[in-house]
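The values are calculated or read from the model by the stated rules, or taken from the named source; none is laboratory data. None of the values given here were measured: they were computed from a predicted structure. All Cβ positions, even for glycine, are placed from backbone atoms using ideal geometry, and neighbour counts span all protein chains on display. Just the protein is used for accessible areas: all its heavy atoms, side chains included, with ligands, DNA and RNA removed. Shrake-Rupley method; radii C 1.70, N 1.55, O 1.52, S 1.80 Å.
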Amino acid sequence: MINYTFLRLSAIFGFLSVALGAMGAHALRPLLGDVSLGNFETAVKYQFYHALALLAIAILQQYGHKKMLATAGWLFFSGILFFSGSLFLLSTREIHGMAVGWLGPVTPLGGLLLMGGWALVFMAAVKPKG
């Protein structure tokens with residue numbers, strides 16, 4: 001049976017990736033410097049890649065390693081929030097003016113969470129189903 005939690009999260013993050021990507025390309029382009037806009041685009045890309053990874057997790061859990069893949073899915077979810085979320089806030093501080101410099105260390109933590117998710121997907125792929 002398909003994991004609808006990860007399917008829903010995939011759809012939400014995929015939808016938001018398209019919406020935020022369009023916002024970055026049109027509304028934010030004149031408001032942000034090149035570095036900030038590049039960071040915003042990186043956040044959108046990683047969010048979208050991992051929305052697709054969540055879709056794969058939702059499907060792959062039908063074939064075994066449910067717990068390992070579920071953990072990978074939650075690592076992807078957390079990684080999206082930490083990595084992309086912090087980049088969204090950091091890259092748009094020219095607009096919102098909030099003090100978000102403390103989020104700098106959160107971005108690499110999010111990257112580690114995403115890497116952990118991929119490591120678990122790899123482990124599920126090489127470990128026999130027994």
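Output yes when any residue across region 2-9 is free of Cβ contacts under 8 Å to residues at least 60 places away in the same chain and crowded, with 17+ Cβ neighbours inside 10 Å, and no when none is. The answer is no, given that none of the residues of region 2-9 is free of Cβ contacts under 8 Å to residues at least 60 places away in the same chain and crowded, with 17+ Cβ neighbours inside 10 Å. Is one or more of the residues making up region 69-79 within 30 Å of PRO128 (Cα to Cα) and in contact with a His (Cβ under 7 Å, 6 or more places away or on another chain)? Yes, there is a match, as at least one residue in region 69-79 is within 30 Å of PRO128 (Cα to Cα) and in contact with a His (Cβ under 7 Å, 6 or more places away or on another chain). Kindly provide the set of residues from region 38-55 that are in contact (Cβ under 8 Å) with a residue 40 or more places away in the chain, surrounded by 17 or more Cβ atoms within 10 Å (Cβ to Cβ) and not aromatic (Phe, Trp, Tyr), ordered by number. If the condition is that a residue be in contact (Cβ under 8 Å) with a residue 40 or more places away in the chain, surrounded by 17 or more Cβ atoms within 10 Å (Cβ to Cβ) and not aromatic (Phe, Trp, Tyr), then ASN39, ALA43, VAL44, HIS50, ALA51, ALA53, LEU54, LEU55 are the ones that fit.
If you go through region 24-37 and keep only what is part of a helix (DSSP H, G or I) and without any contact (Cβ under 8 Å) to a residue 60 or more places away in the chain, you end up with GLY24, ALA25, HIS26, ALA27, ASP34, VAL35, SER36, LEU37. Looking across region 100-116 at every residue that is assigned to a helix (DSSP H, G or I) and at pLDDT below 95, the one that is most open to solvent (accessible area, probe 1.4 Å) is identified as TRP102. When GLY85 is tested against (1) touching a residue at least 60 places away in the same chain (Cβ under 8 Å); (2) part of a helix (DSSP H, G or I); (3) not β-branched (Val, Ile, Thr), exactly one condition is not met: (1).
Yes or no: LYS67 among the basic types (Lys, Arg), assigned to a helix (DSSP H, G or I), over 30 Å from SER36 (Cβ atoms) and open to solvent by 20 Å² or more (accessible area, probe 1.4 Å)?
On the way: among the basic types (Lys, Arg): yes; assigned to a helix (DSSP H, G or I): yes; over 30 Å from SER36 (Cβ atoms): yes; open to solvent by 20 Å² or more (accessible area, probe 1.4 Å): yes.
The answer is yes for LYS67.
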